[in-house]
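So the structure is just underneath, and the comments pick up after that.
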Amino acid sequence: MPDRRSFITGLFALGLCPSVTWADAGSPAFLSAARKPDGSYALFGISEQGRTIFEIALPGRGHAAAAHPRRPEAVAFARRPGNFAMALDCRNGETKAVLHCPKGRHFQGHGAFSEDGSLLYTAENDYDHARGVIGIWNADQGYKRVGEFASHGVGPHDLKLMPDKKHLVIANGGIETHPDSGREKLNIPTMKPNLAYVTLDGALVEMVELPQAMHKSSIRHLSLGADGTVAFAMQWQGDINNAPAMLGLHKRGEEARLLEAPDNEQRVLQGYVGSVALDMEQKLLAASSPRGGVVHQFDTDTGEFLGAIHEEDVCGLAIRDHKLVRTSGMGIVCLSEDMAGTQMDKMRVTHRYQWDNHLIPIG
Amino acid sequence: MWKYCLILYSLLLAPAYAQEVDMPKLVTNVVNEHILPGYERLATRSAALSKAVETSCPDNLDAVKLAYNEAFDAWMGVSHLRFGPSEDNNRAFALAFWPDTRGFTPKTLASLLTDNDPAIHDAEKFTTVSIAARGFYPMEFLLYDTQFTEEPAPQRCDLMAVMAKDIANNSAAILRDWQAGYGEMMIKADNDIYRAPEEAVRQLYTALTTGLQFTAQTRLGRPMGSFEKPRPNRAEARRSERSQRHVLLSLQANRQLASLLSENDEDIDRGFERAIRIVEDLDDPAFAGVGSIQGRIRVEALQGAITLTNDLVAEYLGPKLGISAGFNALDGD
């Protein structure tokens, strides 16, 4: 089997290879935004060892980023209700393009690339009409906006390209907001979240809704298994003492399954899950709650609760090479030795940066 | 030498912050002096409203309006307490469905009246209608909006009567639950809902900060709209010209809660005092003024004063109650 370098050289010879790769940006394993001690914000490339590889200044607090599947390029989204995103060259920190939302729209903080990286799909709020929109941008043409389609719900948040590369799955959180009222939620009594599967043209192929008793569970964040299983994490908008399950698993054509820790552990979440990470090969689902300062872990086969990892202000989660990595607002980047929550830390690095909501794996 | 020891000792203690807070006492004070009296007032005045509609509609609408305004005032004293009995069966939403961003309220009312829906004549059935047609906000339409007051529908008084009865029932149910155990559970904090006094205190603190945020961002933010596009028609309860009054009443209620929770923190109270002075001086009952530059600047100043007060709460009260202000924990996204 040829090694990677000769494989790439071979591609060059065939004229097939893009000129630059993530290796040119130092081969980061993850991206994450953070607040620095001086109060400014930046996007960081992070190595498998938890060290920073590059740093690119951001004009304000970010939420998530989308990593280009081939080029060392990241799109960093402003925090909701931000109306811009920046496409950044991670080799030198240069801004390749600034994405401005059309009038009457703002970004929701998440985006996903198509398989070849030519198109970027972004979750947006069409706020005067209280409907969700997925914007389409051409990454090969300076991130020109080339179209949009309905998200099939209100308040879309996270979205991911399905492993078949032909569908997107969208977490329609159900919550109506309007920039006039900042981040205030305007429709809690009538909210109706869903999980929508669409083709890349926006045609709805499947929609999952939860029972009416859970209509205040805003479906926010997603993580995908290689087999097409979708893990979804929710945030409860009712009385937190009555919070139902905050996590679910869904596979196309099947019923959604809800996962919940024993009551003692479940209440620690305070009705709020910040990030989710799924690894179907290891049958592991992990979910973070910064409010509870815990990462919950479940067996995806049995739904059994495997244990909690305690980490103050934890939020970012990613699974890479079957290893669970978490980041926190206290500056921690940590890789657990054992997935089942024995809390042995294989690698733990403390930075002076407050890591923001999400940890984005690259590759 | 002793002096040094004392200094060292106090330094060691410093990170634990100031004085120990008697959490059970704080909760007891808030329940007995803030929550129970607030819900008692609401229940009494809602019952009076129900009676007023029955006896005075349509002959003496002024009497109905008076009772309505008094009951609505009482709601503003508790509207920030969004947990426990108010959230059971969506009672709070059934009392106060606002904002109504899609205009459900007038639509639902019109169809109830046009169809002479049986729910108009049956309090039990009425609990199944859309919450957009229940509570104080739809009643405002029936009393003040020309769509319903000019050539009123024959069932308008019946609809108001069932609505007022529903308001009274809901208010009574919330009070009953508080009196019959929820208050005790919160104070004792030895149960499945509150396992420690810290949890009860956290709930009260959350009610305070979300209440202030709602007033700044929604009660004021919605009518302010953007500079290019002010939205005076989105002001809360503008038809009855209660918009400004709601900001005042909710600030007064939150001020009392803040003062009980902080044991009269003067810095926080000064923040409230300043915001309340601005709203009292405003003279813009329905926030119609946001359409003009001068009017907008005044409302913006009020919004700023409320946001500042909320910052004071986070700065002085949060740490005192041991409530961490995590970077991600506070983000809510």
A:N241-A:M207 pseudo-label distance in nm [points 7 Å out on the Cα-to-Cβ vector]: 3.5
How many times 2.2 N^0.38 Å is the alpha carbon radius of gyration of the stretch B:20-191? 1.11
Taking 8 Å as the Cα distance limit and 6 or more residues as the minimum spacing, I'd like the relative contact order of chain B as a percentage. 20
How about the stretch A:69-147: which trypsin sites (Lys or Arg not before Pro) there lie in a loop by DSSP and see at most 11 other Cβ atoms within 10 Å? A:K103
Residue-wise HN-Hα coupling along the stretch B:206-216, computed from phi with Karplus coefficients 6.51, -1.76, 1.60 (Hz; x: Gly, Pro): 4, 4, 5, 6, 5, x, 5, 5, 4, 5, 5
Under the definition of Cα pairs under 8 Å and six or more residues apart, what whole-number percent is the relative contact order of the stretch B:20-191? 32
Taking all protein chains as present, what is the carbon and sulfur share of the accessible area of the stretch B:127-248, in % to the nearest whole number, probe 1.4 Å? 47
Mind checking B:96-103 for the average number of partner chain beta-carbons within 10 Å of each residue's beta-carbon? 4
Mind listing the Cα extents of the stretch A:89-246 along all three principal axes, in Å, largest one first? 48, 41, 31
Run the Debye formula on the Cα coordinates of the protein assembly as shown, all scatterers equal and no solvent, and tell me log10 I(q)/I(0) at q = 0.06 1/Å. -0.38
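Go ahead and run the numbers for FRET between A:E281 and A:K166, Cβ-Cβ distance against an R0 of 22 Å, rounding to 0.05. It would help to have the intermediate numbers written out before the result.
On the way: r = 22 Å, r/R0 = 1.00.
Efficiency at R0 = 22 Å is approximately 0.50.
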Helix B:156-177 vs. chain B, principal-axis angle (Cα, 0 to 90°, nearest 10): 20
On each of the three principal axes of the Cα atoms of chain B, give max minus min coordinate, whole Å, ordered largest first. 88, 50, 36
Could you work out the relative contact order of chain A, using alpha carbon pairs under 8 angstrom and six or more residues apart, expressed as a whole percent? 11
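Take peptides B:115-126, A:295-306, B:161-172 and line them up by average Cβ neighbours within 10 Å, highest first, as a rough protection proxy.
Numbers: B:115-126: 15.2, A:295-306: 17.8, B:161-172: 23.7.
Listed from highest to lowest mean packing, they are B:161-172, A:295-306, B:115-126.
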Rounded, prolate or oblate: pick one for chain A, where a ≥ b ≥ c are the square roots of the eigenvalues of its C-alpha gyration tensor, a/c under 1.5 means rounded, and failing that, prolate if a/b is larger than b/c, else oblate. rounded
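Counting only other chains, what is the mean number of Cβ atoms within 10 angstrom of the Cβ of each residue in peptide B:193-199? All intermediate terms of the calculation are to be shown ahead of the outcome.
Details: counts 5, 1, 2, 0, 0, 0, 4.
Taking all residues of B:193-199 together, the mean is 2.
Would you tell me the mean number of C-beta atoms belonging to other protein chains that fall within 10 Å of each C-beta in A:170-183, as a whole number?
Working: counts 0, 0, 0, 1, 0, 0, 3, 2, 9, 3, 13, 14, 6, 5.
Partner-chain Cβ atoms within 10 Å, mean over residues of A:170-183: 4.
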Strictly over 23 Å apart at the Cα level, which of B:K165/B:K188; B:K188/B:K320; A:K251/A:K346; A:K96/A:K144; A:K144/A:K185; A:K103/A:K144 would you flag in this model? B:K165/B:K188; A:K251/A:K346; A:K144/A:K185
The stretch A:14-112 - Rg over Rh from alpha carbon coordinates, Kirkwood radius: 0.99
Mind listing which GluC sites (Glu not before Pro) in the stretch B:145-243 are in a DSSP loop and have 13 or fewer other Cβ atoms within 10 Å? B:E150, B:E228
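The values are calculated or read from the model by the stated rules, or taken from the named source; none is laboratory data. This one's a predicted model, so the numbers in the text were calculated from it and none came from an experiment. Glycine gets a Cβ as well: all are built from the backbone with ideal geometry, and neighbour counts include every protein chain shown. Protein only, heavy atoms only, side chains kept; ligands, DNA and RNA dropped before computing areas. Shrake-Rupley method; radii C 1.70, N 1.55, O 1.52, S 1.80 Å.
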